[in-house]
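The values are calculated or read from the model by the stated rules, or taken from the named source; none is laboratory data. Since the structure is predicted, the reported quantities are computational estimates derived from the model, not experimental observations. Glycine gets a Cβ as well: all are built from the backbone with ideal geometry, and neighbour counts include every protein chain shown. With ligands, DNA and RNA removed, areas are computed over all heavy atoms of the protein, side chains included. Shrake-Rupley method; radii C 1.70, N 1.55, O 1.52, S 1.80 Å.
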Protein chains: 4
Amino acid sequence: MEWIEENNRLKKNFKFTNFSEAFAFMTRVALIAEKMDHHPYWVNVYNSVSIELSTHDAGDVVTEKDRELAKGIDLLV
Amino acid sequence: MEWIEENNRLKKNFKFTNFSEAFAFMTRVALIAEKMDHHPYWVNVYNSVSIELSTHDAGDVVTEKDRELAKGIDLLV
Amino acid sequence: MEWIEENNRLKKNFKFTNFSEAFAFMTRVALIAEKMDHHPYWVNVYNSVSIELSTHDAGDVVTEKDRELAKGIDLLV
Amino acid sequence: MEWIEENNRLKKNFKFTNFSEAFAFMTRVALIAEKMDHHPYWVNVYNSVSIELSTHDAGDVVTEKDRELAKGIDLLV
C-alpha cells in the first residue's frame, strides 16, 4: 500500500497483529522522527496506526521532509 | 483538568514540554493499557496527546474499565 | 539458539540489525514483563540485548515464572 | 549524584519509583542516543538503570560525545 496525498497531508494506515507490535513500530517511528526533528500526527487504536505527515513550518503542506520521513517509516515494515 | 464524557467516550488532552516527554508518557500508558488488556484511542502530535476511552466489548460506551484506565493514566502526570 | 541456565539464571543473547530494532524488541519485552509483574535483568548496547531471568521472591533462582517470560520473549523474534 | 569516570567509562546509576518510570526514562535516553548516533551500554533491573558511556570509535575511551550524552541524560531527571 502506498502513501496517499490528501488535503495537504501524506497519509498511510498500518495494521499489526496486536497492540504490542503496533507500539513497537511507533517506538521506531518515534526514534526516526526525533532524529529528523520532524514529528507525525498519528492515531493509534489497538493494532492500527494511522500516520499523517505535513510540515508545519512550511504552512502545513507536504514537503520533502515528509517524503523522507515516509520513506524511513516504510523501511520499518 | 478533568476527563470529559462526551459521545460515549471519556476524553482528556495532555500537554508536555516536547515530543520526548510526550512519548515517554505514551510508553507508560502503553504499559498500563497492555496490563489491563484495555487500549486507548489516542492521537499524538509533537508535545500533545489526546486520549479517548471507551469499551468496545460493551458496545463502545464508557464502562468501569475506562474509568480505571483513566485513573491509572492520571497517576502518571 | 536456546536459553541457557547458569548460576541460577536463565540467559539468552539477542542480536538485531541496529539500535532501533533492539529497542523496539525491548519495548515489547517491557510490555510482557509489566503485564506479568516479572521484570528481567537486561543489558543493551547498540544492537545487542542480553537477558537474564530469575525470581527474586523465590530466592533468586529460576522458577516457572522465568520460563513463562522466556517463552513470551521468544514469541517476539 | 555525579557521573564517575572509571576504567575509561563514564558511569551513573539512576533509581526510579518502579519499572514503568525506569522504562520511560530509558525511552527518552533512547531518543537522545539515536539522535546523537551514540548509544549507551546500560543495565536495567526493575526500577534501576545503570549507564556506562564510552566511545567505541575512539578506542573505547571517554570522549566529548560521552559528556554530551551524559549532559542530555541529566536533563531528563
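Here are a few things to note about the model shown:
- The modelled label-to-label distance between residue C:18 and residue B:15, using points 7 Å beyond Cα along the C-beta direction, is 3.5 nm.
- C-alpha long axis of helix A:19-36 to longest principal axis of chain A, angle in °: 30 degrees
- Computed from backbone phi, the HN-Hα couplings of segment B:67-74 come to 5, 5, 5, 4, 4, x, 5, 4 Hz, rounded to whole numbers (Karplus: 6.51 cos²θ - 1.76 cosθ + 1.60, θ = phi - 60°; Gly and Pro given as x).
- Cα-Cα over 27 Å, subset of A:71/D:12; C:71/D:65; B:12/D:15; D:15/D:71; B:71/D:12; B:65/D:35: A:71/D:12; C:71/D:65; B:12/D:15; B:71/D:12; B:65/D:35
- Charge tally for residue D:54 (other residues, Cβ to Cβ under 9 Å; Lys, Arg +1; Asp, Glu -1): -2.
- Gyration tensor verdict on segment D:25-66 (Cα atoms; rounded if a/c is under 1.5, prolate if a/b is larger than b/c, oblate otherwise): oblate
- Point-charge dipole on Cβ atoms (K/R +1, D/E -1) for the protein assembly as shown, about Cα centre, debye to 20: 0 debye
- Percentage of interatomic Cα-Cα distances in chain A larger than 22 Å: 17 percent
- Sorted from shortest to longest, the distances between the residue D:68 label points of this copy and the other copies are 1.8, 4.6, 4.7 nm, with each point 7 Å from Cα along the line through the beta carbon.
- Under a 5 Å amide H cut-off, with hydrogens placed 1.01 Å from N, residue D:41 pairs with D:52, D:54 among residues at least 5 apart or on other chains.
- Largest to smallest in accessible area, the residues D:60, A:57 fall in the order A:57, D:60 (1.4 Å probe, all protein chains included).
- Remark: the Cα gyration tensor places the protein assembly as shown in the oblate category, a/c being 1.5 or greater and a/b not exceeding b/c.
- Taking every C-alpha pair closer than 8 Å and separated by at least 6 residues, the mean separation divided by the residue count of chain A gives a relative contact order of 34 percent.
- Cut-off under 5 Å, modelled amide H: who pairs with residue B:61 long-range: B:55
- Axis between D and A by rotation; chain D residue with nearest Cβ and distance in whole Å recorded as D:35, 2.
- Size of charge dipole - chain A - debye, nearest 20, with Cβ of Lys, Arg +1 and Asp, Glu -1, no other charges: 260 debye
- Pseudo-label separations to other copies for residue C:45 - Cα-to-Cβ vector, 7 Å, nm: 1.9, 4.3, 4.5
- GluC sites (Glu not before Pro) within segment A:1-33: DSSP coil, no more than 11 neighbouring Cβ in 10 Å: A:2
- Spin-label proximity, residue C:50 to segment D:1-40 - amide N less than 15 Å from point 7 Å beyond Cα toward beta carbon: none
- Pairing chain A with chain C buries about 800 Å² of accessible area. This figure sums both sides and uses a 1.4 Å probe.
- Estimated 222 nm signal from helices in chain C, with DSSP H stretches of n ≥ 4 weighted -39500 (n - 2.57), rounded to 500: -12000 deg cm²/dmol
- With its label point put 7 Å out from Cα toward Cβ, residue A:2 sits 5.0, 5.0, 6.0 nm from the same residue's point in the other copies, in order from shortest.
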